[in-house]
Amino acid sequence: GEDVEQSLFLSVREGDSSVINCTYTDSSSTYLYWYKQEPGAGLQLLTYIFSNMDMKQDQRLTVLLNKKDKHLSLRIADTQTGDSAIYFCAERRDSGGYNKLIFGAGTRLAVHP
Amino acid sequence: DAGVIQSPRHEVTEMGQEVTLRCKPISGHDYLFWYRQTMMRGLELLIYFNNNVPIDDSGMPEDRFSAKMPNASFSTLKIQPSEPRDSAVYFCASSLQGRNTEAFFGQGTRLTVV
């Protein structure tokens, strides 16, 4: 995941908003994703955004995309202790008719009372 | 469907031994990915297949690593010989070609080489 960058840690108080940031490198990426990994588990898709959008909202989640700066963010409103997990940003890269997902290193979100 | 199934969940082996990790993708999916997760390097794509054919293995660390997909419902990742620095969690994921291309992940295999 060396081409997709995220900060490694974020600590927030329960009830506050969390904002996790990501930068990617491939300007032709068509889809960008946020995945969540809980302890001892695999990754699960949280949400995704198509590259021709600049915002997507899904309940407590808001994704913002700045395609010019290749910057993606995930905002979690009213953060709960159950949101504590590792959050991965991923970009879909298309090449030769095939596509693959490249992930960042993940941001560990800690929610404290 | 039971989702992507990986085995074993945990593997502890001695340096120099051969290790084989197994994956059963979701039925009907035409892409299969192998990732490795470490604290130092995050989640790295090792290799991926489309319709059982390896497309890109540029992420495979070295010749000690090999992966096969003999049919649409089974893939293996083999390390021979294993080394302590191979210790990591290895994930298999599958997806279906389409607009969204959501990848579904298995629970992972935690490999410890001592």
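The values are calculated or read from the model by the stated rules, or taken from the named source; none is laboratory data. Not measured: the values here are computed from a predicted model. Because the Cβ atoms are built from the backbone with ideal geometry, glycine has one as well, and the counts that use them run over all protein chains shown. Quick note on the areas: whole protein, heavy atoms, side chains included, nothing else; ligands and nucleic acids left out. Shrake-Rupley method; radii C 1.70, N 1.55, O 1.52, S 1.80 Å.
Entry comment: accessible area of the stretch A:59-99 is 46 Å² per residue, from protein heavy atoms only and a probe of 1.4 Å.
Please compute the length gained on full extension between A:M53 and A:H71, using 0.36 nm multiplied by the number of residues separating them and subtracting their Cα-Cα distance. Provide the component values of the computation, followed by the final result.
Details: separation 18, 0.36 × 18 = 6.48 nm, distance 1.27 nm.
5.2 nm is the gain from fully extending A:M53 to A:H71.
Compute the accessible area per residue over the stretch A:1-54, keeping the other protein chains in place, probe 1.4 Å, unit Å².
On the way: 2750 Å² over 54 residues.
It amounts to 51 Å² per residue over the stretch A:1-54.
Summing +1 for each Lys or Arg and -1 for each Asp or Glu among the other residues whose beta-carbon sits under 13 angstrom from that of A:W34 gives +1. Suppose we compare each residue of the stretch B:21-63 in its chain alone and in the full protein complex with a 1.4 Å probe; which ones drop by at least 30 Å² of accessible area? Residues meeting the cut-off: B:Y31, B:Y35, B:Q37, B:L43, B:L45, B:Y48, B:I55. Listed by chain and number, the aspartates and glutamates placed with their C-alpha closer than 16 angstrom to that of B:K68 are B:E18, B:D30, B:D56, B:D57; residues fewer than eight positions away on the same chain are left out. If R0 is 30 Å, the Cβ-Cβ spacing of A:D3 and B:A2 corresponds to a FRET efficiency of close to 0.35.
Between B and A, roughly 2000 Å² of accessible area is buried in total, ligands, DNA and RNA not counted and the probe set to 1.4 Å. For the stretch A:46-107, the carbon plus sulfur part of the accessible surface works out to 47%, probe radius 1.4 Å.
Neighbouring Cβ atoms from other chains, within 10 Å of the Cβ of residues in A:43-56, number 2 on average.
Run the reach check for A:K70 against aspartates and glutamates, Cα to Cα strictly under 19 Å, same-chain hits fewer than 8 apart removed. What comes back? The reachable aspartates and glutamates, counting only those whose Cα sits under 19 Å from A:K70, are A:E2, A:D3, A:E5, A:D26, A:D54, A:E91, A:D94. Within the stretch B:87-108, the residues that become at least 20 Å² less accessible when every protein chain is included than when their own chain is isolated (1.4 Å probe; DNA, RNA and ligands ignored) are B:F91, B:Q97, B:R99, B:N100, B:T101, B:E102, B:A103, B:F105, B:Q107.
Separation of the alpha carbons by more than 32 angstrom is noted, of A:K67/B:K78; A:K100/B:K78; A:K56/A:K100; A:K68/A:K100, for A:K67/B:K78. First compute the accessible area of chain B with a 1.4 Å probe, then give the percent of it belonging to carbon and sulfur atoms. Taking all protein chains in place, chain B shows 50 percent carbon and sulfur surface.
Compared with its chain on its own, the stretch A:86-113 contains the following residues whose accessible area drops by 50 Å² or more in the full protein assembly (probe 1.4 Å; ligands, DNA and RNA excluded): A:Y98, A:N99, A:K100, A:L101, A:F103. Computed in the context of the full set of protein chains, the accessible area of the stretch A:1-45 at 1.4 Å probe radius has 46% of its extent on carbon or sulfur. Extension gain for A:D26-A:D94 works out to 23.5 nm (0.36 nm per residue, less the C-alpha to C-alpha distance).
Skip the ligands, DNA and RNA, and give the accessible area per residue of chain B with a 1.4 Å probe, whole Å². Present the calculation step by step, with values, prior to reporting the outcome.
Details: 5570 Å² over 114 residues.
On a per-residue basis, chain B sits at 49 Å².
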